[in-house]
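Notes follow the structure.
What follows is calculated from the coordinates using simple rules that are stated; it is not laboratory data. The model shown is predicted, which means the values in this text are computed figures rather than measured ones. Cβ coordinates were reconstructed from backbone atoms using ideal geometry, including for glycine residues, and neighbour counts include every protein chain displayed.
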Amino acid sequence: MVSFTEDVTHGLGERTGEALARLRALAADPVLPLADDNEIRRLTALCVDLYEERFLAREGYRLAMHGYLALLAIAVVRLAASRARTGA
C-alpha cells in the first residue's frame, strides 16, 4: 500500500494544483488494481528504491525520497487516468 500526502505535489513542481486535484480525485476511489505485470514491476521497483533510500539514509536521501514519491504519484495518476479512459 502506498499513500500520498499533499506535499508530494511539491515534488512534482506543481504550481497550478492540477496534480493535487488528481491525487484528491483518487482518494474518492483509493484502490487501483494492478493487472498488468509491467505495472506491478515498475511500481514495485519504485517502492523498493524508495524503501532503500530511507533505510540506508545516505547523503541526499530526503531529496531522493521526494523524487521517488513524485514518480510513484505520477505513475498512479497515469494508471488511474488510463483506467478511466478505458473503463477498466
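Numbers for the structure displayed
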read-out	value
Pair residue 52, residue 86: separation of 7 Å Cα→Cβ label points (nm)	2.9
Fraction of alpha-carbon pairs over 17 Å apart in the stretch 21-88 - percent	47
Hz values of 3J(HN,Hα) by residue in the stretch 32-39 - Karplus curve (6.51, -1.76, 1.60), Gly and Pro given as x	10, x, 10, 9, 8, 4, 5, 4
Backbone HN-Hα couplings from phi across the stretch 62-70 [Karplus 6.51/-1.76/1.60, Hz, Gly and Pro as x]	5, 5, 4, 5, 4, x, 5, 4, 5
